[in-house]
Amino acid sequence: MYQGIQLLPEARGKNLFFIHCMACHGFETRMAAVKRNEDGWRDRVAYMREAMAYFIARPQLGFNDRRPRTSSPT
């Protein structure tokens, strides 16, 4: 996880990605183990948004495309 945090560029949603997505999935099993292009990642994110909506779509989380960028987890 630490290496993933260091390697990924600072971008909108990075902190949310590590908080919400990597809470269940290890970086090495979901990111490093598979090579995907942008369309491939968008497909996987769309799938998880639908499949895990009961978890990530809770209003109190504010997990949406308009949520502002927050600082990087360290």
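The values are calculated or read from the model by the stated rules, or taken from the named source; none is laboratory data. These figures come from a predicted structure and were not determined experimentally. Please note: Cβ atoms are built from the backbone with ideal geometry, for glycine as well, and neighbour counts cover all protein chains shown. Each accessible area value is taken on the protein alone, full model and side chains, heavy atoms only, with ligands, DNA and RNA left out. Shrake-Rupley method; radii C 1.70, N 1.55, O 1.52, S 1.80 Å.
Listed here are the helices (runs of 4 or more DSSP H) enclosed by region 1-65 that have at least 2 residues being at pLDDT below 80, of a type outside the set (A, V, I, L, M, F, W, C) and over 12 Å from the mean Cα position of the chain (by Cα): 27-30.
Can you tell me how many residues within region 1-26 are among the basic types (Lys, Arg) and either within 18 Å of ARG58 (Cβ to Cβ) or open to solvent by 50 Å² or more (accessible area, probe 1.4 Å) (or both)?
First pass over region 1-26, keeping only residues among the basic types (Lys, Arg): 12, 14.
Okay, now just the ones that are also either within 18 Å of ARG58 (Cβ to Cβ) or open to solvent by 50 Å² or more (accessible area, probe 1.4 Å) (or both), so 12.
Counting residues in region 1-26 that are among the basic types (Lys, Arg) and either within 18 Å of ARG58 (Cβ to Cβ) or open to solvent by 50 Å² or more (accessible area, probe 1.4 Å) (or both) gives 1.
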